[in-house]
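The values are calculated or read from the model by the stated rules, or taken from the named source; none is laboratory data. Remember, predicted model here, so these are calculated numbers, not experimental data. For neighbour counting, all protein chains shown are included, and Cβ atoms are generated from backbone atoms with ideal geometry for every residue, glycine included. Protein only, heavy atoms only, side chains kept; ligands, DNA and RNA dropped before computing areas. Shrake-Rupley method; radii C 1.70, N 1.55, O 1.52, S 1.80 Å.
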Amino acid sequence: MKSRLIKAQNQRVERISTSTLVIGIDIAKEKHAAQAINFRGIVLTNRPIMFSNDHAGFEHLISSIRKLQKMHNLNDVVVGMESTGHYWFNIANWLIKQGVSVVLVNPMTTKRNKENRDNSPSKNDPKDALVIADAVSRGFYTPFSPKEDDFRRLRVIVTNREHWVVKSGRIKNRIHRWLDIRFPEYRQAFDEIFSPRSLAT
């Protein structure tokens with residue numbers, strides 16, 4: 001088991017070669033920050049690439065990536081980001097459609113490695129983007145492959161159902177409480193509070 005994990009880790013490290021441009025993206029609600037490094041961790045951007053969380057912003061990112069590839073003669077790209085929240089879905093899927101490899105970094109890895117860059121645990125978007133890129137260059141990532149549309153729709157349906165089941169349970173508990181306080185005799189007329197007759201009443 002251990003040797004299999006080591007082999008998988010080695011394969012992820014070998015995936016990042018001398019011709020690979022590694023991009024780390026710190027995901028936010030409205031504006032993302034990206035930083036670029038090479039396989040050795042050398043920063044290739046004078047300043048972070050800031051881009052909006054919309055189609056125009058995504059186009060700006062891909063244009064910046066292509067320029068960096070040309071400038072540094074790198075023919076391979078790997079983009080890493082944290083798999084937190086839901087704001088990464090759109091950019092990740094869009095990049096995959098552009099033929100760019102996308103990988104996900106565990107947020108705990110980012111948190112643990114924040115001091116590696118400047119001996120400080122402070123947070124800012126460009127720094128976090130560099131930490132993510134570093135993690136990718138050292139093989140601490142999981143490849144991302146988008147699911148089929150049908151699977152994604154099914155997952156949304158299941159998630160929504162779970163949400164409404166929990167919400168329904170809470171509302172039913174409140175109704176039980178109200179009846180127990182205001183109208184305890186109600187249960188003598190209706191064994192099941194949520195039967196069609198009871199609800200009609």
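Among the residues in region 68-79, are any closer than 20 Å to Tyr141 by Cα, open to solvent by less than 40 Å² (accessible area, probe 1.4 Å) and out of contact with any strand residue (DSSP E or B) (no Cβ under 6 Å at 6 or more places or on another chain)?
no
Can you tell me how many residues within region 37-73 are within 17 Å of Asp26 (Cα to Cα), among the aromatic types (Phe, Trp, Tyr) and not in a helix (DSSP H, G or I)?
Looking only at that region, the number is 1.
Name the single residue, out of those in region 140-156 being open to solvent by 80 Å² or more (accessible area, probe 1.4 Å) and modelled with pLDDT of 85 or more, that is farthest from Ser198 (Cα to Cα).
Only one residue fits best here, namely Phe140.
For region 9-27, give me the residue count where each residue is under 11 Å from Val136 (Cα atoms) and part of a loop (DSSP other than H, G, I, E, B).
1
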